[in-house]
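*Asks:* Below are the C-alpha cells for one structure; questions will follow.
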Amino acid sequence: MAQGVEKERKTTLVDLTGRRFGKLTVVTLAPERNPKNGNTRWLCQCDCGNQVIVDGQNLKHGTTRSCGCLRREVSRQKMLTNPKLAGSRSIKNFFNEEGIQYSHLHKSKKNKTGVIGVSFDKSNNLYVARLMFHHEYVLNRAVETFEEAVELRKQAEQRYLHSRKRSVKSTENLTSLSK
C-alpha cells in the first residue's frame, strides 16, 4: 500500500434495537454518531424509566449498563455496609433535615466542573445535572453541553432550594433583630 493512502474501512451496522444490556433496552438508533470516536450511538430506555443515549461499544462491552441508577443503587448498598458507618447503619448522616444530600450543597475537592451538582460522564461524553431533595432525585439528567447542565441545575435549585434559602434568611433576620 502506498504511503499516506489509508485503507478504506468497511463496517456493517449491527442493529441492537430491542436488545437488553443490563438495565437498558435499546429503543432506536440515535441520529448522530459519537463525535469523539465516530461510533454509533443508541437511544435506550432504562428499567427506572429514564432514557439515555449510549455509545454502541459501551453497550456491547458492558461499560454502560444503566442510565446511572445502577451506580446509585450500588453506592447506596456500599454506604449501608461500610464498616466505618456500622454504628449508624443509616445514610441519614449524608443528608440534611430536608433530605438534601450534603454533596449536592457543597462543592467537593473531587468536583471537576466547578459547579455543584454538575459532572461530566466520560463514558457517554455527556454532562450530568443532579439534585436530590427529600431523599429522591428531582434532577438527574444527561445533556450535551456544560451550559445546559448548569442551567438545569440552577432551575432545580430555584424550584426546590429557593424556599429553603428564603426561610433560612428570614430566620437569620429574626435572630439579628432580637439581639
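*Asks:* How about segment 123-137: which of its residues are over 27 Å from Gly56 (Cβ atoms), surrounded by fewer than 16 Cβ atoms within 10 Å (Cβ to Cβ) and either at pLDDT 75 or above or hydrophobic (A, V, I, L, M, F, W, C) (or both)?
*Replies:* Glu136
*Asks:* Across segment 18-32, what is the total count of residues that are over 18 Å from His61 (Cβ atoms) and of a type in the set (Val, Ile, Thr)?
*Replies:* Qualifying residue count for the region: 2.
*Asks:* Still on this structure, please answer the following. In the list Gln45, Gln3, Gln77, which residue meets the criterion of being outside any loop (DSSP other than H, G, I, E, B), at pLDDT below 90 and farther than 21 Å from Lys122 by Cβ?
*Replies:* The conditions single out Gln77.
*Asks:* Something else: Could you check how many residues of segment 34-59 are surrounded by fewer than 14 Cβ atoms within 10 Å (Cβ to Cβ) and basic (Lys, Arg)?
*Replies:* Count: 1.
*Asks:* So is Phe120 under 11 Å from the mean Cα position of the chain (by Cα), surrounded by fewer than 16 Cβ atoms within 10 Å (Cβ to Cβ) and either farther than 17 Å from Ser66 by Cα or at pLDDT 85 or above (or both) or not?
*Replies:* Yes, satisfied.
The values are calculated or read from the model by the stated rules, or taken from the named source; none is laboratory data. All of these numbers come straight from a predicted model, not from anything done at the bench. All Cβ positions, glycine included, derive from the backbone under ideal geometry; neighbour counts span all protein chains shown.
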